[in-house]
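Below: the structure, in structure tokens.
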Amino acid sequence: MAAIIDSADDAIISKDLNGIVISWNEGASKLFGYSADEMIGQPILRVIPEELEYEESKILKTIRLGEQISHFETRRKKKSGEVFEISVTISPIRDETGTIIGASKIAREITDRKRVERLLVQSEKLAATGRMAATMAHEINNPLESLMNLIFLARQDSAPGGKVHDYLITAEGELERLTHLARQTLGFYRDTGSPTEVSLNQLLESVISVYSPKLLAAGITIEKHFDDQRKVFIRRGEFLQVFSNLITNAADAMRQGGKLSISTHESVGPWGDGIETVVRDSGSGIRLEHITQIFEPFFTTKGELGTGIGLWVAKQLVESRGGTISVASSTEQGNSGTTVTVAIPYGPPTGHNETLRAGG
Ligand SMILES: Nc1ncnc2c1ncn2[C@@H]1O[C@H](COP(=O)(O)OP(=O)(O)OP(=O)(O)O)[C@@H](O)[C@H]1O
Ligand SMILES: [Mg+2]
């Protein structure tokens, strides 16, 4: 029996009713990093993360009642301090008279399984978002187009210089802005056209023109510094999307007003010659514990107001074009702000990420 237990892959452990370890097999040593010598006679709490210590008293209570706990999923701590996900089954141990004297426990690491489960949930959410965007793009673009046509016709019929004519011109402008926004937020899934030669400076000007009324109204001043430069070979719609996302994020971070600066310059990076665009805001900055997560899909600090896909999408688009996107940020009072740098090489893209466009 002892030999079987020792050769098992699973961690098999027994403890008394005070939570003191009585036996500890090879599998447990491999899993937790502690040898049997280090654990026998020691409290099992050593492998339980502090915030989960309450679980132990609950487990012991259940065991005292003679009940088993099956496939309980929780987290435990290795000797190295690493916390990992685990599935445990715990059963009471009885002496010859049937009295419960302790518990035996079989544990198995499930970190990998959990990771796969989380990825699946994420990719399902993404697929759903893609389908929704494709539907919305269709449902919104068509009526928008007919509105544009109707207003155009009405303007043709109205007397130039008259009030109605002026109103219609304003309405047309606003509608154009709306169409532009809808294309950017929803059109990404549909931009399957070929890349063309695009002036980044012009592209940035057109994104800024869409957002400047909103930015100015929020007390944000806009500074531009564009160097002369060659054109880049990109899908225009994709990069309208990238920079809209960055500007929207900057605006969200400057609710009390501030400064948005956008500049371009030629540069040489590990990815070759190209153009770096720097979008800098004087907003709240990104907290250190968040900065590693901001490119993850569905990471947002905006609650209901954000979906958390803006930066994720931007990163996919930039990288599929062979470029890079990086973020630096400070939350220091009086000196806070965020700088996002997007580098696009002149050269041809090294790889394509077609999966992104699978949504339609
Ligand atoms: N310029 C910025 N200043 C401060 N925080 C930022 C900035 N850009 C991004 N963040 C942080 O990164 C998070 C993720 O950004 P991301 O654009 O991916 O999603 P979101 O803006 O929350 O939602 P959406 O999908 O609508 O873009 C934001 O919720 C915010 O916390
Ligand atoms: Mg965003």
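In segment 2-109, Cα pairs under 8 Å separated by at least six residues give a relative contact order of 26 percent. Within the listed set Thr111, Thr248, Thr97, the Gaussian network model of the chain (springs between alpha-carbon atoms below 10 Å) gives the highest mean-square fluctuation for Thr97. Distant-in-sequence amide contacts of Gln42, defined by a placed amide H-H separation under 5 Å and a gap of 5 or more residues or a different chain, comprise Val21. Remark on Phe298: its backbone amide H falls under 5 Å from those of Ile309, a criterion applied only to residues 5 or more positions apart or on other chains, H modelled at 1.01 Å from N. The residues of the chain expose, per residue, 55 Å² of accessible area to a 1.4 Å probe. Converting phi to 3J(HN,Hα) with the Karplus coefficients 6.51, -1.76 and 1.60 and the offset θ = phi - 60°, segment 231-247 yields 7, 10, 9, 9, 8, 4, x, 5, 7, 4, 4, 4, 6, 4, 4, 5, 5 Hz in sequence order, with x at every glycine or proline. Per the Debye formula on identical point scatterers at the alpha carbon atoms of the chain, with no solvent, log10 I(q)/I(0) at q = 0.08, 0.09, 0.10, 0.11 Å⁻¹ is -0.62, -0.71, -0.79, -0.87. The alpha-carbon of Lys224 sits under 17 angstrom from the alpha-carbons of these lysines, leaving out residues fewer than 8 places away in its chain: Lys214, Lys259. Under 5 Å between amide hydrogens, built in the peptide plane, is the criterion, and for Asn25 it picks out Ile12 among residues at least 5 positions away or on other chains.
Peptide packing: for 16-28, 234-246, the average count of neighbouring Cβ atoms within 10 Å per residue gives the ranking 234-246, 16-28, highest mean first. Solvent-accessible area of the chain (1.4 angstrom probe, protein heavy atoms only): carbon and sulfur portion equals 54 percent. Sequentially through segment 108-115, phi angles give Karplus couplings (6.51, -1.76, 1.60; θ = phi - 60°) of 9, 6, 10, 3, 4, 4, 4, 4 Hz, Gly and Pro residues having no value and appearing as x.
Surface listing: Ser194, Ser329 arranged by accessible area from highest to lowest gives Ser194, Ser329, probe 1.4 Å. Relative contact order for the chain: 11 percent, from Cα pairs under 8 Å spaced at least 6 residues apart, divided by residue count.
Give me the compactness ratio for segment 194-360, meaning the Cα radius of gyration over 2.2 N^0.38 Å.
My calculation over the Cα atoms of segment 194-360 gives 1.01.
Placing +1 at every Lys and Arg Cβ and -1 at every Asp and Glu Cβ, with all other atoms neutral, what dipole size does the chain have around its Cα centre, in debye to the nearest 20? Show your work: numbers first, answer last.
Working: 39 positive and 47 negative charges, 80 e Å.
The dipole magnitude comes to about 380 debye.
Farthest towards the positive end of the charge dipole of the chain, among the residues Asn201, Pro348, Gln42, is the Cα of Asn201, using unit charges on the Cβ of Lys, Arg, Asp and Glu. When its C-alpha radius of gyration is set against 2.2 N^0.38 Å (N residues), segment 201-244 gives a value of 1.28.
Of the residues Glu276, Glu296, Glu332, Glu56, ranked by 1.4 Å probe accessible area with the largest first, the sequence reads Glu332, Glu296, Glu276, Glu56.
Determine the shape class of segment 2-109: with a ≥ b ≥ c the square roots of the Cα gyration tensor eigenvalues, call it rounded for a/c under 1.5, and otherwise prolate if a/b is greater than b/c, oblate otherwise.
Numbers: a/c = 1.59, a/b = 1.22, b/c = 1.31.
Oblate is the answer for segment 2-109, as a/c is 1.5 or above yet b/c matches or exceeds a/b.
The values are calculated or read from the model by the stated rules, or taken from the named source; none is laboratory data. Bear in mind that the values here come from a model prediction, so they are computed numbers and not experimental data. As a convention, Cβ positions derive from the backbone with ideal geometry for all residues, glycine included, and neighbour counts pool all protein chains shown. Ligands, DNA and RNA are stripped out before the accessible areas are found, and what is left, the full protein with its side chains, is counted by its heavy atoms. Shrake-Rupley method; radii C 1.70, N 1.55, O 1.52, S 1.80 Å.
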